[in-house]
Amino acid sequence: MLMQGFAGFMWLLSIALIVFSGFALIDAATRREDAYRAADKKTKPFWLIILGLAFVVNLIFNILSFLPIIGLIATIVYMVDVRPALRGLPGGGRNTRRGSSSDGPYGPYNGGR
């Protein structure tokens, strides 16, 4: 009975880890590429590769092996360091279709040029 409870707990922990890394991957994919440079972090492709590998490793390997732990560390670094820096930028670093701050009601203001 105790082993079944432990196996169930490990399964839930594994699912939580997959969801956590999947959320981080989707969040990284929805941020603008230039926001990573503006926040002085690594590039967007770097984080997409790292978080994608962490997600795949969490899907394939057992949580008790060392590879998911490495993926968890990478995901935590993204979530506590990179994501807040991106969210602190104007627009939150997201891909939005809004105009720039110099847009007037009829388009961009160019100073009468």
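For the reader, a short list of remarks on this structure follows.
- Members of the stretch 24-83 found to be touching a Phe, Trp or Tyr at 6+ places or on another chain (Cβ under 7 Å) and basic (K, R), listed by number: K42, K44
- Restricting S101, S21 to those that are assigned to a helix (DSSP H, G or I) and either within 30 Å of A7 (Cβ to Cβ) or at pLDDT below 95 (or both) reduces the list to S21.
- Filter result (touching a residue at least 12 places away in the same chain (Cβ under 8 Å) and either part of a loop (DSSP other than H, G, I, E, B) or within 12 Å of L17 (Cβ to Cβ) (or both)) within the stretch 52-69: A54, F55, V57, N58, L59, N62, I63, L64, P68
- Residue within the stretch 37-50 that is closer than 19 Å to P84 by Cα, outside any helix (DSSP H, G or I), touching a strand residue (DSSP E or B) at 6+ places or on another chain (Cβ under 7 Å) and modelled with pLDDT of 90 or more present: no
- Only residues that are surrounded by 14 or more Cβ atoms within 10 Å (Cβ to Cβ) and farther than 16 Å from V19 by Cβ were counted in the stretch 71-81, giving 1.
- Of the residues screened, A85 is not one that is surrounded by fewer than 14 Cβ atoms within 10 Å (Cβ to Cβ) and modelled with pLDDT under 95.
- Residue within the stretch 3-21 that is hydrophobic (A, V, I, L, M, F, W, C), over 30 Å from P90 (Cβ atoms) and touching a helix residue (DSSP H, G or I) at 6+ places or on another chain (Cβ under 6 Å) present: yes
The values are calculated or read from the model by the stated rules, or taken from the named source; none is laboratory data. Keep in mind that this is a model prediction, so the values were computed, not measured. FYI the Cβ positions are ideal-geometry reconstructions off the backbone, even for glycines, and counts take in every protein chain you see.
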